[in-house]
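Below is one structure, written out as C-alpha cells, with a few remarks after it.
All of the numbers you see were taken from the coordinates with simple rules; none came from a lab. Since the structure is predicted, the reported quantities are computational estimates derived from the model, not experimental observations. Cβ sites come from the backbone with ideal geometry, for glycine too, and all protein chains shown count toward neighbours.
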Amino acid sequence: MKEKILFYEKQRLTQWWLYLIVILVQFIPIILIVTDSYRVEFFMNHPEFLASKAIMWGLALIISLGLIFSIKLETKIAEQGVYVRLFPLGFSFKFYPFSNMLAYYVRTYHPVREYGGWGYKGRYNNRSLSIRGDRGLQLEFPNGNKLLIGTQKEKELLEVLKSLQK
C-alpha cells in the first residue's frame, strides 16, 4: 500500500546571481588569454589551439550551469515519517521514521554561522540539507544526531506537523 503524502516541497537554486558568478568565473581564463600578448600571438599562429580551448570552455560552462540547474531539495512528509533527497547527491529518498525521532519542529537557523552555508553541510552528528533561506525542519534522534531540512513553506509545514502530533 502506498503511503499518503501530507506535505511535499521541491526547492531549486533560482538565485540569478549564482548563475552570474558561474558565468563570470568561466570567463576568467578567456580574459587571461586575451590580455596576455604572448598567448594572443601564439593563438593567432595556431588557430586550432584556440578552437579547442573555446570548445573546452563552452563544454565546461554548459556542464557547470547544467549541474547547478539540476540541484533540487525534495521533502515529503507522510504519516510514518520524513523523506528527503538532495539531487544529484542522492538519487533516492532517505526515510526518517517519526518512531525513531525524539523531536521534530520548525525553527529559524543561521545557515552560515551554524552550518557553514547552504547545501549538504554540517559536521558529525549535526547536519543540514538546505537550498536557501533560514527556516527549516529540525529532526532530533535518540543517538544525539540532528538533521535540519530547509523549507520555504514554513506555515504549511507547521500545519502538517501540528496535525501529526494530535
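Just a few scattered comments:
- Taking the chain and dividing mean pair separation by its residue count, relative contact order in percent (alpha carbons under 8 Å, at least six apart): 21
- For segment 131-148, putting each phi into the Karplus relation 6.51 cos²θ - 1.76 cosθ + 1.60 with θ = phi - 60° gives couplings of 10, 6, x, 9, 10, x, 8, 8, 10, 10, 10, x, 7, x, 5, 9, 9, 10 Hz, in residue order, rounded to whole numbers and with x for Gly and Pro.
- Working from the Cα coordinates of the chain, the gyration tensor eigenvalues give, after taking √(5λ), semi-axes of 45, 16, 13 Å in decreasing order.
- Taking the Cα centre of the chain as reference, the dipole from Cβ charges on Lys and Arg (+1) and Asp and Glu (-1) amounts to some 620 debye.
- Greater than 26 Å apart at Cα, pairs in Lys72/Lys121; Lys4/Lys153; Lys4/Lys94; Lys10/Lys53; Lys53/Lys121; Lys4/Lys121: Lys10/Lys53; Lys53/Lys121; Lys4/Lys121
- Taking other C-beta atoms within 10 angstrom as a stand-in for reagent exposure, Met56, Met101 fall in the order Met56, Met101, fewest first.
- Residue order for Ile21, Ile71, fewest other beta carbons within 10 angstrom first, comes to Ile21, Ile71.
- Fewest-first ordering of Glu154, Glu9, Glu48 by other beta carbons within 10 Å of each residue's beta carbon gives Glu48, Glu154, Glu9.
- Using alpha-carbon coordinates, inclination of helix 154-165 to the longest axis of the chain, degrees: 30
- GNM on the chain, alpha-carbon springs under 10 angstrom: the most fluctuating residue among Val106, Val25, Val84 is Val25.
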